[in-house]
């Protein structure tokens with residue numbers, strides 16, 4: 001079901017970007033990054049979609065989907081690469097869950113209290129860091145920029 005949902009969502013992005021054109025992609029991801037993805041697509045085509053579908057979430061996969069649409073990449077090749085990549089990725093996740101799932105559940109249920117305390121400590125530290133950033137560091141940088149612009 002995950003694979004079907006991902007392929008449908010990817011195809012929707014592909015179709016919308018096909019109509020939006022290069023300007024839409026370059027506005028969303030920047031001209032430099034768009035040029036880099038264009039070159040990758042010209043060289044490797046389906047492998048770019050397949051590799052993007054396999055990589056975990058920090059990878060900007062939407063850029064790959066949009067580039068496929070913008071460059072008028074053949075629909076059948078696009079869908080087959082997307083489906084294969086996502087199917088392999090989700091199969092790997094399910095396989096790892098099957099192998100290590102019970103061990104992870106046991107670990108988290110044994111160490112529940114310590115992990116909750118750790119998460120609370122991380123949240124408090126992140127909150128303090130955000131306060132420092134927004135109340136002290138960011139205004140200081142703005143003042144420095146104003147002084148530089150006045151010079």
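The values are calculated or read from the model by the stated rules, or taken from the named source; none is laboratory data. Here the structure is a predicted model, which is why all the values come from computation and not from measurement. Note that we place each Cβ from the backbone using ideal geometry, even for glycine, and neighbour counts take in every protein chain shown.
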Notebook entry, point to check: Restricting attention to region 1-20, which residues are over 29 Å from residue 94 (Cα atoms) and exposed (fewer than 12 other Cβ atoms within 10 Å of the Cβ)?
Noted result: 19
Item checked: For residue 56: the one exception among (1) out of contact with any helix residue (DSSP H, G or I) (no Cβ under 7 Å at 6 or more places or on another chain); (2) under 26 Å from residue 92 (Cα atoms); (3) part of a helix (DSSP H, G or I) -> (3)
Notebook entry, point to check: Mind checking which residues of region 10-58 are without any contact (Cβ under 8 Å) to a residue 12 or more places away in the chain and on the phi > 0 side of the Ramachandran plot?
Noted result: 30
Margin query: Of the residues 22, 28, only one is more than 17 Å from the chain's Cα centre (by Cα), assigned to a helix (DSSP H, G or I) and in the same structural domain as residue 83 (by TED's automatic domain parsing); which?
Written below: 22
Notebook entry, point to check: With respect to residue 86, is the statement that it is surrounded by 15 or more Cβ atoms within 10 Å (Cβ to Cβ) and modelled with pLDDT of 90 or more true?
Noted result: yes
